[in-house]
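Participant: Just dropping this structure here.
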Ligand code: NDP
């Protein structure tokens, strides 16, 4: 359960593990509900924003109620003709072992039909973060072969896929991450042209100048703050910045100062934010693309899975220290 609204860095004690007794493993007689056994929960950075009373991005969590987020689940019972017992679905539900979803609409609880990959992938590469990478890079950044691409938080759920999309497009791709292990994997497993540990760079502007002597054509923004400040003077003329997230800002009471945006003018750079929630009409197209990539064995994907609801609080706050090595997943039940 969510304890109460917070400010600053989240703590494990902001979440409470609670047992509320058993529920019947059937939906109430005559109801339209669907009963889910939750298998995997997704840890996502936007969840921190929902711990604040003034949440603007998504509705805030309700103190004393279950935390909600993306889950992958099995349908245990259904009074709804769109879902049958035994279906696998992904969508929005509580961080709990079983969830009763009243009046589900097909867009909030999507049936999983492609099962050639692990089901947990629907928390990440085939779920909300995957679509985010597709929309933010392939659609909004207008990439072209040979362009120079910089991805921050490149080893995360979204970043992993952006880097691979960019490489498949024939771009020169550099990613940053917060540890040597992540940087090595980006170079050796994900095939990025280069990668660096942003925590070890005393001067980020100079570091980016080294990696992009001719400038950055596309910056995929996951971090914000000082990172964005260092990127702006390194943008190439007619560059694009796809503003996906700003994780460095989510725990701050006062956002970092807005950097000098005049670089956008001088270099005719387009900077565009987006919210994946408005792009779900692209999900079927995205799935077709991804299925083909999986069939052609073109994708690499790394998950960081912890087991049990009791591991969830530490996993969620670990996103803000970089504890997760890849997409952070919580396994709560066996398939
Ligand atoms: P990740 O899996 O990348 O996990 C978060 C990572 O962020 C951490 O592992 C850590 O990696 C890095 N990080 C944490 N704090 C900081 C900091 N202060 N400075 C720099 N890096 C930090 O998360 P996602 O891939 O799920 O999300 C990436 C971004 O995309 C987030 O900003 C998120 O809010 C955004 N997003 C936006 C969506 C939209 O619709 N616009 C939808 C989904 C996600 P490291 O070791 O590298 O420090």
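Participant: Taking Rh as the Kirkwood radius, which is the inverse of the mean 1/r over Cα pairs, what is the Rg/Rh value for the chain?
Facilitator: Taking Rh as the inverse mean 1/r over Cα pairs, Rg/Rh reads 0.98.
Participant: Right, another one. Percent antiparallel among DSSP beta bridges with both residues in the chain, to the nearest 5?
Facilitator: In the chain, DSSP labels about 50 percent of beta bridges as antiparallel.
Participant: Hey, in the GNM for the chain with a 10 angstrom Cα cutoff, which one of 217, 44, 256 fluctuates hardest?
Facilitator: Most flexible of the set in this elastic network: 256.
Participant: Please give the length that would be gained between residue 9 and residue 265 if that part of the chain were fully extended, namely 0.36 nm times their separation in residues minus their C-alpha to C-alpha distance (nm, one decimal).
Facilitator: Gain in length upon complete extension: 88.7 nm.
Participant: Oh, and also: How long is the gain from residue 209 to residue 53 if the chain were fully straight, where each residue apart is worth 0.36 nm and the alpha carbon distance is subtracted?
Facilitator: Extra length available between residue 209 and residue 53 comes to 52.2 nm.
Participant: Sticking with this structure for a sec: Angle, helix 283-295 long axis vs. longest principal axis of the chain, Cα atoms, 0 to 90°, nearest 10?
Facilitator: Between the helix axis and the principal axis of the chain, the angle is about 80 degrees.
Participant: Then there's this: What ranking do 309, 186 get, fewest neighbouring Cβ atoms within 10 angstrom at the top?
Facilitator: Exposure proxy ranking, most exposed first: 309, 186.
Participant: Taking just the alpha carbons, could you work out the radius of gyration and Dmax for the range 125-169, both in angstroms?
Facilitator: Looking at the range 125-169, its Cα Rg and Dmax stand at 9.7, 28 Å.
Participant: Using label points projected 7 Å from each Cα along Cα→Cβ, tell me how many nm separate residue 110 and residue 252, to one decimal.
Facilitator: 3.3 nm
Participant: Can I ask one more? List 9, 165, 286 from most exposed to least, where exposure is judged by having the fewest other Cβ atoms within 10 Å.
Facilitator: If I rank by nearby Cβ atoms, fewest first, I get 9, 286, 165.
Participant: Taking the chain as the reference, fit the longest principal axis to its C-alpha atoms, fit the long axis of helix 157-168 to the helix C-alpha atoms, and give the angle between the two in degrees, 0 to 90, nearest 10.
Facilitator: The two axes meet at around 50 degrees.
Participant: Report the dimensions of the range 197-335 along its three principal axes from the alpha-carbon atoms, largest first, rounded to Å.
Facilitator: Answer, in whole Å and largest first: 55, 37, 29 Å.
Participant: For the range 68-134, what D do you get in µm² per second when you plug the Kirkwood radius from alpha-carbon pairs into Stokes-Einstein at 10 °C and 1.306 mPa s?
Facilitator: 129 µm²/s
Participant: I would also like to ask the following. Report the residues of the range 314-335 in range of a label on residue 307: point 7 Å along Cα→C-beta, backbone N strictly under 14 Å from it.
Facilitator: 330-335
Participant: Now for a separate question. Tell me, what is the percent relative contact order of the range 255-335, built from C-alpha pairs under 8 Å that lie six or more residues apart?
Facilitator: Relative contact order of the range 255-335: 24 percent.
Participant: How would you rank 25, 208, 185, 119, going from fewest to most other Cβ atoms within 10 Å of each one's own Cβ?
Facilitator: 25, 119, 185, 208
Participant: Let me ask you something else. If each DSSP helix of 4+ residues adds -39,500 (n - 2.57) and the sum is divided by the residues in the chain, what number results at 222 nm, nearest 500 deg cm²/dmol?
Facilitator: -5500 deg cm²/dmol, from helical runs alone.
Participant: Which whole-number value in Å³ per residue fits the convex hull of the alpha carbons of the range 210-288?
Facilitator: So the per-residue hull volume is 130 Å³.
Every number in this text was worked out from the coordinates using simple rules, so none of it is lab data. None of the values given here were measured: they were computed from a predicted structure. FYI the Cβ positions are ideal-geometry reconstructions off the backbone, even for glycines, and counts take in every protein chain you see.
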